[in-house]
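Inspection log for the structure reproduced underneath, given as structure tokens.
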Amino acid sequence: MSETFTRTAPPVPEPAEPEAYRLLAAWWRANARDLPWRFGRTTPWGILVSEVMSQQTQMSRVVPYWTEWMAVWPDAAALARASSAEVITAWGRLGYPRRALRLQECARRVTQEYDDRLPDDYQSLVDLPGVGDYTASAVLSFAFGRRVAVIDTNIRRVLSRVFLGVESHGGTATPAERKMAQEVLPVGEEESVIWNQAVMEVGALVCLPKAPRCEQCPLRGSCLFLKDGLPGLGQGRTRPRQGFKGTDRQVRGLILAALRGHPAGWVLDRGKVEGLWADQARLGACLASLDDDGLIEILPGGSIRLPI
DNA sequence: ATCCCGAAGC
DNA sequence: GCTTCAGGAT
């Protein structure tokens, strides 16, 4: 029967993307990690919580925190009612604890301004505290099923390699990268969601920054970067990374670690505070910055506690 | 050492 | 655009 249509069917060239999508979707079904917020098992709010926790943090570390967090505070209204001290303690050692306070402030605004229902438009989402371009786009795609080109560091790396044949560079995504991400995004909403998730997952599991496992990659057949011999592999993307040992971030972490997990109103006295770090100038600066961030309260005598 | 499903402040 | 925000895994 194919012969019947050979003459009449115009020779429409098959675009590359539909084939890439088919391969990617099949790979996704077989290899997607079974994260608890995937596959329709949570609410849009649960998706948002997972995205905020995942900012600069590995999935494997996020999963237990997310599970416990959602058990205690299943929706925005519940989180809005918690004390800051409870929230900071529950954030534990996930890192970047300002995210915890922003998430709670976000919960309070969602509760008050949106009747405990996460808004489903980009502008409202990105206006929420702790929600930037990536998180707003991810929520629109993963929670609301909307057709949005999600751009994170993994997706940038994968798409740049496959469709442009080069490493993505550091810094903000360029207009060219955003344009390309839009152009290769499948037209259908459902397909676009799987595409976003699958490209991100390939970036996390296969298309690694320095040692990509190209032989496992569903896109190896159409990857310009692979075809060109992985030119400049691992170059050009990395921002200069700040160290950790001896920095303010380590000291801040020590201070909060000393405060977490105690009964409400528990106070660390001045003497104990001074023993947390030898360099008192740096210690004082970190205490001040934590106070500025609303992560601790400095009491008149120099003792500290988590904020109520 | 580098990376991790970035955001916000400057 | 550049820097600062934790902390763990590899």
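The values are calculated or read from the model by the stated rules, or taken from the named source; none is laboratory data. What you see is a predicted model; the values in this text were computed from it and never measured. With ideal geometry, Cβ positions are generated from the backbone for all residues, glycine too; neighbour counts draw on all protein chains shown.
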Criterion violated by residue A:82 - all others in (1) over 20 Å from residue A:257 (Cα atoms); (2) among the aliphatic types (A, V, I, L, M); (3) away from DNA strand C (no atom under 16 Å from the Cβ) satisfied: (1)
Being surrounded by 12 or more Cβ atoms within 10 Å (Cβ to Cβ) and in a loop (DSSP other than H, G, I, E, B) is the filter here, so list the residues in the stretch A:276-308 that pass it. A:276, A:277, A:294, A:295, A:296, A:299, A:302, A:303, A:306, A:307
What pairs come up if the first residue lies in the stretch A:143-171 and is of a type in the set (Lys, Arg), the second is in a helix (DSSP H, G or I), and their beta carbons are under 7 Å apart, counting only those six or more places apart or on different chains? A:146/A:140; A:146/A:189; A:147/A:189; A:147/A:192; A:156/A:177; A:157/A:203; A:161/A:225
Restricting attention to the stretch A:208-222, which residues are more than 9 Å from DNA strand B (Cβ to nearest atom) and hydrophobic (A, V, I, L, M, F, W, C)? A:211, A:214, A:217, A:219
For the stretch A:218-232, which positions are in a loop (DSSP other than H, G, I, E, B) and in contact (Cβ under 8 Å) with a residue 40 or more places away in the chain? A:218, A:219, A:223, A:228, A:231, A:232
Any residue in the stretch A:260-272 that is at pLDDT 95 or above, under 20 Å from residue A:87 (Cβ atoms), part of a helix (DSSP H, G or I) and charged (D, E, K, R)? no
Reported set for the stretch A:75-121 where residues are more than 16 Å from DNA strand B (Cβ to nearest atom), in a loop (DSSP other than H, G, I, E, B) and of a type in the set (Gly, Ala, Ser) is A:82, A:83
Condition first: touching a strand residue (DSSP E or B) at 6+ places or on another chain (Cβ under 8 Å) and either in contact (Cβ under 8 Å) with a residue 24 or more places away in the chain or within 16 Å of DNA strand B (Cβ to nearest atom) (or both). Now tell me which residues in the stretch A:291-307 satisfy that. A:291, A:296, A:299, A:303, A:304, A:305, A:306, A:307
